[in-house]
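Heads up, the thing below is written out as structure tokens.
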Ligand SMILES: [Zn+2]
Ligand SMILES: [Zn+2]
């Protein structure tokens, strides 16, 4: 089969490799599409993958079941595959917190992922994708929508009527806008790119702030919301923006760190204590929530197709990463069609 293989450099090599053989409880899925994510870019920048290269990257996968030698879903079933598969047995999994699993396996990291014609996965993680969700574009639900679902609903515990500031309107940020709107929040979207703020408006944001046009975006959020947001999500992973998100909160507010950074972040300890501020992190999404996120998409409540701005053939995958790398303002989510 054809696959985009990571050999440790800055680009992927499209080559012919063996088709995976489904083991014990696994099925073989014919990949329809796989989303291009910033996480993949980190590997190209030198963040080590768990499995040593050669490795097939890609963790936002949709497709159809091709072979089910050990039972499970029907052949031809349309499925969505989650990026991360928790073990189901460690202390965190047993507490229902699979996102903290100590033995998690991530596709395109611990094992081969979806930038390939086929992928083998446990039949327990093939979530049926209804006909009302486009098979190819639907792949982004796996991460770009499931991550904001967990962040907004479970971790931020957003309630109707609350004000939620979202810092960063890339793919995950704009999906977070949609999710917070669905949760009944008044959303203030913050970004540097006007096109993305216009999309945030389309997706239901109450207000938008172009951070390049104001002295202090945090102060602007506080001004527009008469005191600050109840919840602020940082979806970029930039220490300065995380700090800004914290500063945009009202007293007793909750900062959600959704973006990844390996840098230290600092806050005022006095404000944290005197104003009873909260800081929470959010990582991925538990398997039990996948059917709910898919249902929201199937009901037309999530704008899935609208979030996919670029479609690439496998041969052009490096162009997709180049656009992500250079921060092309027109790029929301790119997907690779298999
Ligand atoms: Zn991802
Ligand atoms: Zn576990």
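Observations on the structure shown:
- Looking only at segment 97-119, and only at residues there that are farther than 19 Å from residue 40 by Cα and more than 17 Å from the chain's Cα centre (by Cα), the one that is nearest to ligand 2 (Cβ to nearest atom): 101
- For segment 1-96, the strands (runs of 3 or more DSSP E) that sit wholly inside it and include 1 or more residues that are more than 16 Å from ligand 2 (Cβ to nearest atom), without any contact (Cβ under 8 Å) to a residue 40 or more places away in the chain and over 19 Å from the mean Cα position of the chain (by Cα) are 12-16.
- Single unsatisfied condition, residue 171 versus (1) under 30 Å from residue 66 (Cβ atoms); (2) within 16 Å of ligand 1 (Cβ to nearest atom); (3) modelled with pLDDT of 95 or more: (3)
- Taken over segment 130-152, the criterion of being surrounded by fewer than 19 Cβ atoms within 10 Å (Cβ to Cβ) and under 17 Å from residue 289 (Cβ atoms) is satisfied by 130 alone.
- Filter pass, residue 158 being surrounded by 19 or more Cβ atoms within 10 Å (Cβ to Cβ) and more than 16 Å from ligand 1 (Cβ to nearest atom): yes
- Residues satisfying the stated conditions in segment 97-115, i.e. outside any loop (DSSP other than H, G, I, E, B) and away from ligand 1 (no atom under 16 Å from the Cβ): 98, 100
- Cβ pairs under 6 Å, 6+ apart, first in segment 290-314 and on the phi > 0 side of the Ramachandran plot, second outside any helix (DSSP H, G or I) and at pLDDT 95 or above: none
- Condition check for residue 273 on (1) in a helix (DSSP H, G or I); (2) more than 19 Å from residue 176 (Cβ to Cβ); (3) in contact with a strand residue (DSSP E or B) (Cβ under 9 Å, 6 or more places away or on another chain): one failure, at (3).
- Taking the criterion of being surrounded by 19 or more Cβ atoms within 10 Å (Cβ to Cβ) and assigned to a loop (DSSP other than H, G, I, E, B), the residues of segment 205-256 that qualify are 205, 225, 228, 235, 236, 248.
Residues are listed down the side, and each one gets a yes or a no for (1) touching a helix residue (DSSP H, G or I) at 6+ places or on another chain (Cβ under 8 Å); (2) at pLDDT 95 or above; (3) at positive phi; (4) within 16 Å of ligand 1 (Cβ to nearest atom):
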{"residue": "7", "(1), (2), (3), (4)": "no, yes, no, no"}
{"residue": "11", "(1), (2), (3), (4)": "yes, yes, no, no"}
{"residue": "17", "(1), (2), (3), (4)": "no, yes, no, no"}
{"residue": "36", "(1), (2), (3), (4)": "yes, yes, no, yes"}
{"residue": "47", "(1), (2), (3), (4)": "no, no, no, yes"}
{"residue": "60", "(1), (2), (3), (4)": "yes, yes, no, yes"}
{"residue": "83", "(1), (2), (3), (4)": "yes, yes, no, yes"}
{"residue": "91", "(1), (2), (3), (4)": "no, yes, no, no"}
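- Of everything listed in (1) touching a helix residue (DSSP H, G or I) at 6+ places or on another chain (Cβ under 9 Å); (2) within 16 Å of ligand 2 (Cβ to nearest atom); (3) closer than 23 Å to residue 292 by Cβ, the single unmet condition for residue 122 is (1).
- Taken together, the criteria exclude residue 300 from residues that are under 14 Å from the mean Cα position of the chain (by Cα) and assigned to a loop (DSSP other than H, G, I, E, B).
The values are calculated or read from the model by the stated rules, or taken from the named source; none is laboratory data. Note that the coordinates shown come from a computational prediction; the quantities given were computed from them, not determined experimentally. When we count neighbours, we look across all protein chains shown, and the Cβ atoms used for this are built from the backbone with ideal geometry, even at glycine.
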